[in-house]
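> Quick one: structure below, then a few questions.
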Amino acid sequence: MQNAKPKILVVDDEKGLRIGVQRLLEMEGYEVDVAENGKEGIELGTKNDYDIAIIDLKMPDIEGIEVLKNIKQKFPNTVCFIATAFASYDTAIEATKLGAQSYIPKPFTPEELITEIKNGYQKRQLLLEEEKWRKEREERLLEVAFEKTRLNTIINSITDGVLVVNKEGLAVLFNPAVYKFLELSEIKVEEYILDKLRPEILELINKFLLSDSKEKRSYTIQLEVKPNREFFIEATASPVFHPGDNLAGVVIVFKDITELKKIELIKSQFVSMVSHELKAPIAAVYGFLKLMIDENIKLNEEQKKDYIQRSMVRLDGLLKMVNDLLDISRMELKTVRREIRKICLTEIIKNILELFQVEIQKSNITVNFNYQQNSFCIDADADEITRLFTNLISNAIKYNRPSGSITISINQTGNFLLTEIKDTGIGMKEEEKKKLFSEFFRAKNEFTKNISGTGLGLSIVKRIVDSYSGKIEVESEYGIGTTFRIYLPLSVN
């Protein structure tokens with residue numbers, strides 16, 4: 001804090017000059033302390049914050065340059081003059097580097113000294129004013145970090161990473177979550193943080209720190225922090241302004257978008273697969289129609305009928321695929337319209353088995369449907385549950401062996417109804433089981449090459465089961481058969 005009287009330190013081993021300067025300056029209204037050697041000058045200069053120090057360059061114990069160095073280290077805003085009759089170019093450079101205001105050549109007149117002191121005191125006032133404003137700016141931003149009872153509690157509970165950096169690049173506010181995003185084990189308040197940041201994040205912050213713009217806008221980037229899509233982050237930087245629209249610092253918010261990036265990849269792959277799966281049947285039907293209208297190709301009625309039937313089979317498969325895709329889309333968008341009521345699984349499965357009687361008899365498959373009672377009921381939409389078990393029973397028939405068997409059982413286990421569908425079909429290999437519920441996945445081997453399907457049925461089954469907070473399990477052995485277990489919550493009485 002500035003004193004009522006400017007305070008000056010005079011360090012000189014010449015007693016007459018020292019006392020004369022003291023008297024002169026006191027007459028001019030200054031408060032003056034004196035030191036008769038370098039050691040005493042360092043003691044006084046580092047103990048008290050003087051406005052101005054006049055230091056003799058050549059003293060018997062410690063030279064003035066060393067005194068200057070010690071004072072400026074402790075009180076960098078003290079304005080220091082070097083008084084000497086032996087100034088050299090080298091000492092002038094060294095003194096200037098250490099922060100000396102200028103040289104006062106000996107001998108000097110009272111007028112010359114008073115002029116230098118007045119100029120020095122003006123410089124001191126400017127330095128103090130700059131220091132005051134700097135501290136005020138920092139305190140305005142730093143006080144946020146110390147409001148622990150309010151802001152810190154909120155910030156620390158946020159799962160996104162938050163980091164606030166002031167104009168000098170110091171970290172003034174952050175939460176523990178930011179360590180993960182910056183891959184740091186520790187950050188200290190008021191620590192210089194810019195050299196620890198990734199170049200992309202540093203560039204984001206510098207858009208504000210290195211600009212004079214007062215525009216209140218944000219910048220966002222996305223980064224792959226760990227390769228192979230293991231860890232993606234989104235960083236958004238926004239400016240923090242003082243009330244006078246002067247930049248105080250920058251706040252950066254980090255979000256974990258790894259799952260979003262995985263979904264983007266899955267969607268991209270999904271669109272690619274849809275395009276491929278739609279293209280094949282359309283191309284086939286288009287080819288059949290071209291053959292039928294080509295005047296150069298003579299087709300008899302039987303051949304035309306065969307092409308029409310093939311086209312209908314292809315279009316039927318295409319229609320099923322479109323319907324399946326619409327079902328998946330509705331489930332993702334949660335626009336499925338349901339009529340939830342109490343339904344009995346026994347009756348639904350009986351109806352499905354009747355629907356597939358022709359296929360069952362054609363393949364000479366034996367069906368065993370075991371249930372203890374007819375009151376196994378759940379609260380669900382009848383159409384969805386019918387679609388679920390239609391897909392599973394259809395697969396048990398299609399992928400079964402001739403004269404094979406299907407065993408269906410319903411039992412209660414805890415708060416769930418367990419429906420088990422077991423077949424003696426071709427089964428699956430271990431790597432096929434891992435992809436079983438993926439869109440468009442179909443096991444490809446010598447047994448399945450003539451079996452049609454969209455590859456979407458089991459994906460729909462899984463989504464329906466999940467939508468009712470149920471669970472589906474699969475056991476399969478290649479060449480032996482497959483067992484599906486579906487757990488659905490019991491109806492609440």
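> Does F232 meet the test of being under 24 Å from K262 (Cα atoms), touching a residue at least 24 places away in the same chain (Cβ under 8 Å) and touching a Lys or Arg at 6+ places or on another chain (Cβ under 9 Å)?
Working: under 24 Å from K262 (Cα atoms): yes; touching a residue at least 24 places away in the same chain (Cβ under 8 Å): yes; touching a Lys or Arg at 6+ places or on another chain (Cβ under 9 Å): yes.
When the stated conditions are applied, F232 passes them.
> Which of the numbered conditions does L458 fail, given that it passes all the others? Conditions: (1) over 27 Å from S268 (Cα atoms); (2) at pLDDT below 85; (3) part of a helix (DSSP H, G or I).
L458 satisfies all of (1) over 27 Å from S268 (Cα atoms); (2) at pLDDT below 85; (3) part of a helix (DSSP H, G or I) except (1).
> So, one more: Counting only residues that are exposed (fewer than 13 other Cβ atoms within 10 Å of the Cβ) and closer than 24 Å to E139 by Cβ, how many does region 196-227 have?
Counting residues in region 196-227 that are exposed (fewer than 13 other Cβ atoms within 10 Å of the Cβ) and closer than 24 Å to E139 by Cβ gives 5.
> In region 308-321, how many are of a type outside the set (A, V, I, L, M), open to solvent by less than 100 Å² (accessible area, probe 1.4 Å) and modelled with pLDDT under 85? Steps first, please.
The first filter runs over region 308-321 and keeps only residues of a type outside the set (A, V, I, L, M), leaving 309-311, 314, 316-317, 320.
Of the ones still in play, those that are also open to solvent by less than 100 Å² (accessible area, probe 1.4 Å) are 309, 311, 316-317.
After this cut, where a residue has to be modelled with pLDDT under 85 as well, the list is 316-317.
Of the residues in region 308-321, 2 are of a type outside the set (A, V, I, L, M), open to solvent by less than 100 Å² (accessible area, probe 1.4 Å) and modelled with pLDDT under 85.
> Test T91 against the criterion of being open to solvent by less than 10 Å² (accessible area, probe 1.4 Å), farther than 16 Å from N119 by Cα and modelled with pLDDT under 90, and give yes or no.
Working: open to solvent by less than 10 Å² (accessible area, probe 1.4 Å): no; farther than 16 Å from N119 by Cα: yes; modelled with pLDDT under 90: yes.
Answer is no for this residue.
> Something else about it: Kindly provide the set of residues from region 241-260 that are open to solvent by 20 Å² or more (accessible area, probe 1.4 Å), in a helix (DSSP H, G or I) and of a type outside the set (D, E), ordered by number.
Filtering region 241-260 down to residues open to solvent by 20 Å² or more (accessible area, probe 1.4 Å) leaves 241, 243-247, 251, 253, 255-256, 259-260.
Checking which are in a helix (DSSP H, G or I) leaves us with 259-260.
Hit for region 241-260 is L260, nothing else.
> Further, regarding this structure: How many of the residues in region 33-55 are among the acidic types (D, E), open to solvent by less than 40 Å² (accessible area, probe 1.4 Å) and over 60 Å from the mean Cα position of the chain (by Cα)? Please lay out each step first, then the result.
Residues of region 33-55 that are among the acidic types (D, E), as a first pass: 33, 36, 40, 43, 49, 51.
Checking which are open to solvent by less than 40 Å² (accessible area, probe 1.4 Å) leaves us with 51.
After this cut, where a residue has to be over 60 Å from the mean Cα position of the chain (by Cα) as well, the list is none.
Count: 0.
> Could you please find all residues in region 370-410 being open to solvent by 40 Å² or more (accessible area, probe 1.4 Å), modelled with pLDDT of 90 or more and assigned to a strand (DSSP E or B)?
The one that is open to solvent by 40 Å² or more (accessible area, probe 1.4 Å), modelled with pLDDT of 90 or more and assigned to a strand (DSSP E or B): T407.
> If you go through region 185-240 one residue at a time, how many are among the charged types (D, E, K, R), in a loop (DSSP other than H, G, I, E, B), modelled with pLDDT under 90 and under 20 Å from the mean Cα position of the chain (by Cα)?
4
> Checking I19 against (1) without any contact (Cβ under 8 Å) to a residue 40 or more places away in the chain; (2) open to solvent by less than 20 Å² (accessible area, probe 1.4 Å), only one condition comes out false. Which one?
In the conditions (1) without any contact (Cβ under 8 Å) to a residue 40 or more places away in the chain; (2) open to solvent by less than 20 Å² (accessible area, probe 1.4 Å), I19 misses (2) alone.
> Looking at region 77-87 only, could you name the residues that are open to solvent by 10 Å² or more (accessible area, probe 1.4 Å) and modelled with pLDDT of 90 or more?
N77
> Kindly provide the set of residues from region 100-128 that are crowded, with 19+ Cβ neighbours inside 10 Å and more than 14 Å from I55 (Cα to Cα), ordered by number.
R124
> Could you list, in sequence order, all residues of region 162-186 that are closer than 20 Å to D256 by Cα, touching a Lys or Arg at 6+ places or on another chain (Cβ under 8 Å) and surrounded by 16 or more Cβ atoms within 10 Å (Cβ to Cβ)?
Matches in region 162-186: L182 only.
The values are calculated or read from the model by the stated rules, or taken from the named source; none is laboratory data. Model, not experiment: these values are computed from the prediction. Counting neighbours? That spans all protein chains shown, and the Cβs are built from the backbone with ideal geometry, glycine included. Only protein heavy atoms, including side chains, enter the accessible area calculation; ligands, DNA and RNA are left aside. Shrake-Rupley method; radii C 1.70, N 1.55, O 1.52, S 1.80 Å.
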